[in-house]
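Here, each number is a calculation from the coordinates, and none is a lab measurement. Please read these numbers as outputs of a predicted model, since none were measured by experiment. We place every Cβ from the backbone using ideal geometry, glycine too, and count neighbours over all the protein chains shown.
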């Protein structure tokens with residue numbers, strides 16, 4: 001029985017792959033934020049951990065990661081101000 005490879009090169013297939021890549025990037029960024037905060041000795045509550053790990057907004061998690069470099073508390077990374085591109 002021959003397999004029809006057309007699905008694997010279809011726009012739908014590419015969309016599914018891109019969603020998977022985006023989820024992987026979000027998970028990696030969440031892990032990076034948690035590792036950075038932990039390495040800096042900043043306490044991470046369960047609520048904070050959940051907020052970080054459930055974030056699906058790539059730009060927002062990028063801002064959190066940048067803020068985590070300088071934050072003195074985990075809550076500081078959730079500031080509302082926009083950060084300039086660096």
**Request:** Would you mind getting me the FRET efficiency between residue 14 and residue 72? Use the beta-carbon distance for r and R0 = 41 Å, nearest 0.05.
**Result:** 0.45
**Asked** Given q = 0.17, 0.20 Å⁻¹, what are the Debye log10 I(q)/I(0) values for the chain, with equal point scatterers placed on the Cα positions and solvent ignored?
**Response** -0.70, -0.88
**Prompt:** Could you give the radius of gyration (one decimal) and Dmax (whole number) of the Cα atoms in segment 34-75, in Å?
**Reply:** 9.7, 26
**Asked** Most mobile of 14, 31, 76 per a Gaussian network model of the chain (Cα springs, under 10 Å)?
**Response** 14
